[in-house]
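Written out below as structure tokens is the structure these notes cover.
Here, each number is a calculation from the coordinates, and none is a lab measurement. These numbers were taken from a predicted model, which means no experiment stands behind them. Glycine gets a Cβ as well: all are built from the backbone with ideal geometry, and neighbour counts include every protein chain shown.
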Amino acid sequence: MAELDALEDPRAREVNERHGDDHGVNLSKLRGIAKRLKTQQELARQLWQTENTAARLLAILICRPKAFDRDELDAMLRAARTPKVHDWLVNYVVKKSPHSEELRLVWSADPDPVVASAGWALTTELVAKKPEGLDLAGLLDVIEAEMKEAPDRLQWAMNHCLAQIGIEHAELRARAIRIGERLEVLKDYPTPPNCTSPFAPIWITEIVRRRQDT
């Protein structure tokens, strides 16, 4: 904890706080600590219990994802508080867990929109890598009905799923683009030069074009 405190950078904290993250540790330096520590499950659990954001990010990097049981992961997600901890927990831990599918189904139906967004993130992973068993047309129905009014985190996750369906599944691409055009979610999102807009019709079209060019 003392080492993490020493890495605190007020300018980094200022930037992170704009995105809802309450820490000021450079993530490259954090990864360097994780590389030195290697996998240490018990230390990871202790770091998580501190409730400190930088410590929790480090815990995620050094934990053993398959060592957590289903209820433990559920409790961790609900306690994740900040966007970066939430995203890393889903992507680096839950996706590698044998409980990921069960949690995906539970979280997707959760009334808490932040928890539900984790369910949608896991669904998006399946859309790209393992779509068998998913009702893709049904997912588009839900997105079409609910994404426009969804809270920010949930809306972002649903939009990612919409784009992924359009990118990966040619037979649904035209419908995914039409849904994006009609709902106009993230249409005016400020996008830096050389970055792809998160507006689904642009996102889908650009990624498909790149794949065709390679």
Applying the span-like rule to the chain (DSSP H, Cα extent along axis at least 18 Å, Kyte-Doolittle mean at least -0.5) gives 113-129, 152-168, 170-183
Could you tell me which of the pairs K35/K129; K29/K84; K35/K66; K29/K66; K148/K187 are separated by over 21 angstrom between their Cα atoms in the structure shown?
-> K35/K129; K29/K66
For the stretch 22-74, max minus min Cα coordinate along each principal axis, in Å, sorted largest first?
-> 31, 24, 14
Which residues make up the longest stretch of the chain that has no GluC sites (Glu not before Pro) in a DSSP loop with at most 16 other Cβ atoms within 10 Å?
-> 52-131
The alpha-carbon center of the stretch 55-128 and that of the stretch 154-194 are separated, in whole Å, by 23
So S28 and V142, fully extended at 0.36 nm per residue minus their Cα-Cα distance, gain in nm 37.2 nm
Quickly work out the E51-to-E14 label distance, labels modelled 7 Å from Cα along the C-beta direction, and quote it in nm with one decimal.
-> 2.8
What per residue convex hull volume, in Å³, comes out for the stretch 17-174 when only alpha-carbon positions are used?
-> 123
May I ask you to list the aspartates and glutamates whose Cα is less than 17 Å away from that of K96, ignoring any residue fewer than eight positions away on the same chain?
-> D69, D71, E72, D74, D87, E125
Along each principal axis, Cα extent of the stretch 126-214, largest first, Å | 36, 34, 20
What is the magnitude of the charge dipole of the stretch 34-104 about its Cα centre, with +1 placed on the Cβ of each Lys and Arg, -1 on the Cβ of each Asp and Glu, and no other charges, expressed in debye to the nearest 20?
-> 400
